[in-house]
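One structure is given here, and the rest of the page talks about it.
The values are calculated or read from the model by the stated rules, or taken from the named source; none is laboratory data. This structure is a prediction, so every number in the text was calculated from the model and none was measured. No Cβ is skipped: glycine too gets one built from the backbone with ideal geometry, and neighbour counts run over all protein chains shown. Heavy atoms of the whole protein, side chains included, go into the accessibility calculation; ligands, DNA and RNA do not. Shrake-Rupley method; radii C 1.70, N 1.55, O 1.52, S 1.80 Å.
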Amino acid sequence: MYRTHTCGELRISDINKEVTLSGWSAIVRDKGALLWIDLRDRYGITQLVLDENYTSKELFETARSVGREFVLQATGTVIERASKTTKIPTGEIEIKVSALKILNASKTPPFTIQDDTDGGDDLRMKYRYLDLRRNAVQKNLIFRSNLAIETRKYLAREGFIEVETPNLIKSTPEGARDFVVPSRMNKGQFYALPQSPQTFKQILMVAGFDKYFQIVKCFRDEDLRADRQPEFTQIDCEMSFVHQEDILNTFEGLTKYLFHQALGITLGDFPRMTYDEAMRRFGSDKPDLRFGMDFVDLKSPADAEFGSGVNFVPAGFPVFDGAESVIAICAPGCAEYSRKQIDELTEWVKRPQIGAKGLVYVRIEADGTPKSSVDKFYSPDDLKVWAERCGAKPGDLLFLICGEDEKTRKQLSELRLEMGTRLGLRKGDDFKPLWVVDFPLLEWDEDENRFFAMHHPFTSPKPGDIVKMESDDRNTLKSMRADAYDLVINGVEIGGGSIRIHDRDLQARNFKLLGFTPEEAEAQFGFLLGAFEYGAPPHGGIAFGFDRLNAVMNGANSIRDFIAFPKNNQGRDMMIDAPDGIKLKQLEELGIRVIV
Ligand code: ASP
């Protein structure tokens with residue numbers, strides 16, 4: 001028997017027991033006549049102690065030869081520790097070792113296997129098996145495992161059936177880029193890895209499955225960021241005979257259940273906000289509601305209170321005069337920001353990633369006097385009106401960005417988040433979920449001069465907007481709303497879904513709007529259009545990004561810490577060194593000729 005107990009198990013109540021433990025040597029402390037080894041496994045750390053006075057010379061020498069990360073088996077008696085620690089659950093005891101076996105030696109690891117390791121990202125990824133030994137990473141993966149189990153429990157209880165859909169499917173032009181797999185048996189042809197099981201889950205509804213789910217890998221060949229991986233996991237669902245309300249309720253229920261089971265947190269009912277309101281108030285379709293700093297539109301407030309056309313920016317400053325929008329946020333308590341701090345923020349918004357032309361500020365001094373970078377152009381009364389519109393108090397600081405409306409909102413949204421971070425208003429253990437609803441059906445792409453589906457081509461317009469699909473007018477088409485929704489938590493898009501089109505002709509009309517010829521639609525999605533001719537029920541669904549959900553629930557920014565074997569920013573697996581070339585013979589078998 002390798003062990004009688006784990007390394008996280010023994011307590012003061014186990015004193016005098018004879019035990020055997022197996023694990024890795026985390027730390028060896030050799031104090032001459034006394035030697036301690038911290039033995040670690042998945043469950044914890046137990047201290048082993050050897051005393052030259054009662055240990056055989058041979059045993060002591062074995063212990064002395066132990067290096068970091070050796071695999072050991074130790075037998076001994078549980079004794080009370082002289083110097084106890086409350087830092088670990090086994091901190092009151094230690095094992096007086098009577099036998100020690102080295103099960104396997106280890107090279108010195110390239111970084112320390114500790115919570116705050118000295119290993120950089122690349123090194124940790126190359127030696128992921130060592131990184132995964134660290135408690136901090138194991139904790140994340142155990143959390144993830146638990147979350148998947150709880151998800152299955154909840155959805156099974158709600159009557160959902162887990163169905164696996166294929167990984168080798170057909171490439172589709174919409175959405176992100178596909179990863180493709182050459183076919184040996186059908187030379188010159190390719191499978192694609194699914195970006196999501198979207199069409200399959202809809203087919204399952206046509207087949208009468210009623211409630212489907214799958215915890216499923218999806219693949220998208222996109223540029224990578226901290227919250228994106230080329231392969232990622234979704235909790236993917238679809239339901240028949242439902243309205244939007246049924247789906248929101250079911251998945252709000254799932255989210256609340258997961259927070260309660262995994263974190264012991266009871267979330268209240270999730271607020272809802274239309275896409276339009278989110279863009280107006282926060283310049284983002286995934287606003288972080290952990291803090292306020294709502295946008296205040298000073299030039300043409302869409303605010304119902306004022307109607308349109310009210311302008312709080314009198315002519316005088318050419319930059320503002322020529323701008324479509326001038327929008328402000330109020331940073332509470334920031335009037336004391338130095339010139340240097342403001343200059344630094346100005347440079348921050350001017351970086352190409354943000355792209356603002358500049359940043360105007362108005363300080364509200366302690367006595368209420370406004371002091372701004374545009375004092376030359378506006379009277380103190382003008383500035384006071386701005387302060388009042390923004391609800392600014394003495395000691396606050398307004399930031400204004402101007403320009404073309406859509407861009408200005410995006411830029412100010414970035415600044416708002418940055419200020420929220422700088423002011424410590426985005427706490428990892430504060431959770432603010434939000435449903436964003438009523439997304440536009442279509443999105444105009446200037447470069448390609450055509451409409452794209454904002455969600456995906458299978459999303460249904462709101463019933464009242466279906467008539468607009470016949471219009472040739474771009475603005476009418478742009479104004480169409482969809483039964484599409486996103487779940488946002490703390491500014492992170494956790495998931496999204498929609499009520500689908502289940503009528504063949506409507507689906508064909510939507511493809512046409514998206515620039516598909518009838519032949520292209522048939523070639524790409526003929527199977528779905530065909531299925532819609534055989535009694536497709538009304539249906540809808542949603543998918544949650546499972547990696548993101550894990551990260552957000554743990555207040556973490558990077559999803560990589562919740563994926564056992566993630567890829568780096570270049571899409572490389574550093575441990576197995578993929579992607580890699582393949583042999584000429586394999587290429588020949590696949591009928592692929594490489595032209596260099
Ligand atoms: N398949 C969609 C996605 O991956 C989710 C859905 O509409 O259910 O975003």
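Here are the numbers for the structure shown:
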quantity: Criterion: part of a strand (DSSP E or B) and within 15 Å of Phe399 (Cβ to Cβ) - qualifying residue of Ile354, Ile329, Ile342; calculated: Ile329
quantity: Checking Lys201 against (1) open to solvent by 40 Å² or more (accessible area, probe 1.4 Å); (2) within 15 Å of the ligand (Cβ to nearest atom); (3) at pLDDT 95 or above, the condition it does not meet; calculated: (1)
quantity: Selected residue [without any contact (Cβ under 8 Å) to a residue 60 or more places away in the chain and hydrophobic (A, V, I, L, M, F, W, C)] from Val296, Val216, Val206; calculated: Val216
quantity: Residues of segment 290-304 satisfying the condition of being within 25 Å of Leu549 (Cβ to Cβ) and crowded, with 19+ Cβ neighbours inside 10 Å; calculated: Phe291
quantity: Enumeration of residues in segment 268-284 that are on the phi > 0 side of the Ramachandran plot and free of Cβ contacts under 8 Å to residues at least 24 places away in the same chain; calculated: none
quantity: Some residue of segment 440-451 being out of contact with any Lys or Arg (no Cβ under 7 Å at 6 or more places or on another chain) and under 30 Å from Asn550 (Cβ atoms); calculated: yes
quantity: Counted residues, segment 16-36 - those being within 16 Å of Tyr2 (Cα to Cα) and open to solvent by less than 60 Å² (accessible area, probe 1.4 Å); calculated: 6
quantity: Listing of helices (runs of 4 or more DSSP H) fully contained in segment 471-540 that carry 2 or more residues being open to solvent by 20 Å² or more (accessible area, probe 1.4 Å) and within 16 Å of the ligand (Cβ to nearest atom); calculated: none
quantity: Unique match (being in contact with a Pro (Cβ under 7 Å, 6 or more places away or on another chain) and modelled with pLDDT of 95 or more) among Leu434, Leu417; calculated: Leu434
quantity: Qualifying residue in segment 250-271 (condition: among the β-branched types (Val, Ile, Thr) and under 22 Å from Ser145 (Cβ atoms)); calculated: yes
quantity: Qualifying residue in segment 39-50 (condition: more than 46 Å from the chain's Cα centre (by Cα) and of a type in the set (S, T, N, Q)); calculated: no
quantity: Number of the condition not met by Pro287 [criteria: (1) out of contact with any Pro (no Cβ under 7 Å at 6 or more places or on another chain); (2) open to solvent by less than 70 Å² (accessible area, probe 1.4 Å); (3) of a type outside the set (S, T, N, Q); (4) at pLDDT below 95]; calculated: (4)
quantity: Contacts under 9 angstrom Cβ, first residue in segment 256-267 being part of a helix (DSSP H, G or I), partner of a type in the set (Phe, Trp, Tyr), 6 or more apart; calculated: Lys256/Phe270; Tyr257/Tyr154; Leu258/Tyr154; Phe259/Phe431; Gln261/Tyr154; Ala262/Phe143; Leu263/Phe431
quantity: Hits in segment 217-228 (condition: within 15 Å of the ligand (Cβ to nearest atom) and either in contact with a Ser or Thr (Cβ under 8 Å, 6 or more places away or on another chain) or open to solvent by less than 10 Å² (accessible area, probe 1.4 Å) (or both)); calculated: Lys217, Cys218, Asp227
quantity: Meets criteria (of a type in the set (A, V, I, L, M), outside any helix (DSSP H, G or I) and in contact with a Leu (Cβ under 9 Å, 6 or more places away or on another chain)) for Ala564; calculated: yes
quantity: Test: residue in segment 228-240 that is among the hydrophobic types (A, V, I, L, M, F, W, C) and touching a Phe, Trp or Tyr at 6+ places or on another chain (Cβ under 6 Å); calculated: yes
quantity: The one condition in (1) within 16 Å of the ligand (Cβ to nearest atom); (2) more than 25 Å from Lys256 (Cα to Cα); (3) of a type in the set (A, V, I, L, M); (4) assigned to a strand (DSSP E or B) that Val181 fails to fulfil; calculated: (1)
quantity: Cross-chain or 6+ apart pairs with Cβ under 7 Å, segment 220-241 first and farther than 21 Å from Asp486 by Cβ, then of a type outside the set (A, V, I, L, M, F, W, C) and within 13 Å of the ligand (Cβ to nearest atom); calculated: Pro230/Arg220; Glu231/Lys217; Ser240/His539
quantity: Boolean, Ser284 is more than 16 Å from the ligand (Cβ to nearest atom) and under 30 Å from Asn569 (Cα atoms); calculated: yes
quantity: Matching residues, segment 163-177, being surrounded by 13 or more Cβ atoms within 10 Å (Cβ to Cβ) and more than 16 Å from Phe525 (Cα to Cα); calculated: Val163, Thr165, Asn167, Ala176, Arg177
quantity: Filtered residue count, segment 44-90, keeping only those that are touching a Leu at 6+ places or on another chain (Cβ under 9 Å), more than 27 Å from Asp115 (Cβ to Cβ) and of a type in the set (Val, Ile, Thr); calculated: 3
quantity: Strands (runs of 3 or more DSSP E) lying entirely in segment 360-454 (those with 3 or more residues that are crowded, with 19+ Cβ neighbours inside 10 Å and under 23 Å from the mean Cα position of the chain (by Cα)); calculated: 433-437
